[in-house]
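Note sheet for the following structure.
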Amino acid sequence: MLNRIFRLQARNSSAKVETIAGATTFLTMAYIIFVNPSILSNAGMDKASVVAVTCIVTALATIITGLFANAPIAMAPGMGLNAFFAYTLVITQKISWQTALGVVFLSGLFFMFLTLIGLRKKLVEAIPSSLVSAISVGIGLFITFIGLQNLGIVTDHPVTLVKAANINAAVIIGLSGLIVMIYLEMKKLKGSLLIGIIFSTLLAICLNKYLSPEQKIQVPHTFFSANINIAAVAFKLNIADALKWSLFGSIFSLMFMDMFDSIGTLVACCSEAKMADENGKVKELDRLLAIDAAATMFGALLGTSTTTSYIESAAGIEEGGRTGLTSIVTGILFLAAAFFVPVIGIVPAYATAPALIMVGLFMIKEIKKIDFTHLENAFPAFIIIIMIAFSYNISTGLAYGFISFTLLKVISGNPTQIKPAMWLITILSIFYFLVPLISNK
């Protein structure tokens, strides 16, 4: 039956191989169960509820991917996208997390619309690869900075804005977890980030008496709970307030971030899983992108940030995962994790902070793909990287980068190198800056 549903023999796989691959994917990306709630709780969302929602959304999106696309791809709330939600939308732009969920829903709806009418390809192809890589690098730097703040090793300063903080017990615990992650990554061990988070948490429990009151861990009375309660965040999104002109740029930015992230991940992973045709095109790409967009809308309804395809799926593919059965196994394991909310909820921010730093490192690797030999390509990429991190706002970084790219092409006498869709993106980026000025008058 499994062979008939997932075409195991046709893809040179077996139920045993797929099960191992699914478990491997789960181990490599299970850190999101800890990290996503830690980030979204900074936006004022109930942490325990977000833990459960993270598990549920990841499980259902991944299982649906396995059933309807027969692909070994896992989907979950995306890193960088959750940082945009908490730190850009809620903290910097000072909107409620309910409205931010509305922004996420609308970005998923527009993503779905572009995929269905075929405009997605034109928009993606309009943006130079150097700028796409710069977005990844900029978000990586941004996430690293957040990780350093959560760890407590970087803090604010009235004159220099930031400074290195004093070392304390929590910082030592977090750095210990970071060392564990780096060592395990060097040894190519699966689940390195998850193991590092667990190690830091256990170390914090052992050293609890040396921690300050706000850093102490309260060990729960039970580690298992069948009472999964997501009422604090589910169906709380505010779409009406998200439709304001001032938030259009944010919807646009979220949509593009998800689009680039998903396409890059899906092309890389599906090609590795032998799902590409002789021309290198992924057969189920449009279906997978539609599932991605639908998962984002579903996640916003339940109460989490943008859901996207995970590059950690490559770990399961390396173990032999070739079909949707891999995704089914991964999804079931995430669903089971939802029953361990009490123990997951005790994990402190300084234990998950090293995972943010490591994810930042992984994303910054994209810098090698940026063309620094031509200034009209190098400067916009540089501006995107710097402004995402220094403005503490991903939308602002993208807008500056897109505008500067178009401007430099025009003044260098190469306007024909700008594709029509890029002109549209540039105009929207200009409106991103103009709308707040107009609304304040």
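No lab work stands behind these numbers, since they all come straight from the coordinates. Fair warning: this is a prediction, and the values are worked out from it, not measured in the lab. Counting neighbours? That spans all protein chains shown, and the Cβs are built from the backbone with ideal geometry, glycine included.
P(r) tail for the range 65-117: Cα pairs beyond 15 Å make up 61% of the total.
Going through the DSSP H helices of the chain, which span 24 Å or more along their own axis at the Cα atoms while scoring at least 0.0 as a mean Kyte-Doolittle hydropathy? It would help to have the intermediate numbers written out before the result.
Details: long enough: 47-69 (32 Å, 1.93); 97-117 (30 Å, 1.88); 129-151 (33 Å, 1.60); 169-186 (26 Å, 2.16); 248-272 (36 Å, 1.17); 285-302 (25 Å, 1.37); 394-411 (26 Å, 1.53); 420-439 (28 Å, 1.95).
Sorted by number, the helices that extend far enough and score high enough are 47-69, 97-117, 129-151, 169-186, 248-272, 285-302, 394-411, 420-439.
Each of F113, F372, S192 was scored by the projection of its Cα onto the charge dipole of the chain, and the greatest displacement toward the positive side belongs to F113; charges sit on the C-beta of Lys, Arg, Asp and Glu.
When Rg and the Kirkwood radius Rh are both evaluated on Cα atoms of the chain, their ratio Rg/Rh stands at 0.96.
Simple rule: put +1 on each Lys or Arg Cβ and -1 on each Asp or Glu Cβ in the range 229-334, find the dipole, and look at A242, M259, G331; the Cα lying farthest toward the positive end is A242. Springs between alpha-carbon pairs under 10 angstrom, Gaussian network model over the chain: which of F260, F105, F402 fluctuates most? Per the Cα network of the chain with a 10 Å cutoff, F260 tops the list. In the chain, a dipole from Cβ-located charges (positive for Lys and Arg, negative for Asp and Glu) runs towards its positive end, and of T416, A59, F382 it is A59 whose Cα lies farthest in that direction. Amide H to amide H distances under 5 Å link T308 with A76, G78, where only residues 5 or more positions off or on other chains count and H is placed in the peptide plane.
Of all the stretches in the chain, which is the longest one without any exposed loop site, taking GluC sites (Glu not before Pro) in a DSSP loop (any state but H, G, I, E, B) with at most 15 other Cβ atoms within 10 Å? Write down the numbers at each step before the final one.
Details: sites that count: E214, E278.
In short, 1-213.
With a cut-off of 14 Å between beta carbons, the residues surrounding S192 carry a summed charge of +1, where Lys and Arg count +1 and Asp and Glu -1. So what is the diffusion coefficient of the range 1-101 in µm² per second by Stokes-Einstein at 25 °C and 0.890 mPa s, using a Kirkwood Rh over Cα pairs? In µm²/s, the coefficient rounds to 160. A Cβ-based charge dipole, computed about the Cα centre of the range 2-366 with Lys and Arg at +1 and Asp and Glu at -1, lands at about 280 debye. Build a GNM of the chain with springs between Cα atoms under 10 Å apart, and of L211, L203, L60 the one that fluctuates most is L211.
Got the relative contact order for the range 2-366 handy, in percent, Cα pairs under 8 Å and 6 or more residues apart? Before the final figure, lay out each step's value.
Numbers: 664 pairs, mean separation 156.2, N = 365.
Rounded, it is 43 percent for the range 2-366.
Which trypsin sites (Lys or Arg not before Pro) in the range 165-215 sit in a loop by DSSP (not H, G, I, E or B) and have at most 13 other Cβ atoms within 10 Å of their own Cβ? Mind dumping the intermediate values first?
Values: sites: K187, K188, K190, K209; in loops: K187, K188, K190.
In loop regions of the range 165-215 (DSSP not H, G, I, E or B), the sparsely surrounded trypsin sites (Lys or Arg not before Pro) are K187, K188.
Excluding I135 itself, what net charge comes from residues whose Cβ is under 14 Å from its Cβ, given Lys and Arg +1 and Asp and Glu -1? Walk me through the numbers before you get to the answer.
Details: positive: K365, K369; negative: D258, D261, E366.
Cβ neighbours under 14 Å give a net charge of -1.
Show me the ranking of peptides 153-166, 107-120 by mean Cβ neighbours inside 10 Å, starting with the highest.
107-120, 153-166
How much net charge surrounds G303 when only other residues with a Cβ under 9 Å from its Cβ are counted (Lys, Arg +1; Asp, Glu -1)? List each step's numbers first, then the result.
Values: positive: K236; negative: D46.
Once all neighbours under 9 Å are counted, the net charge is 0.
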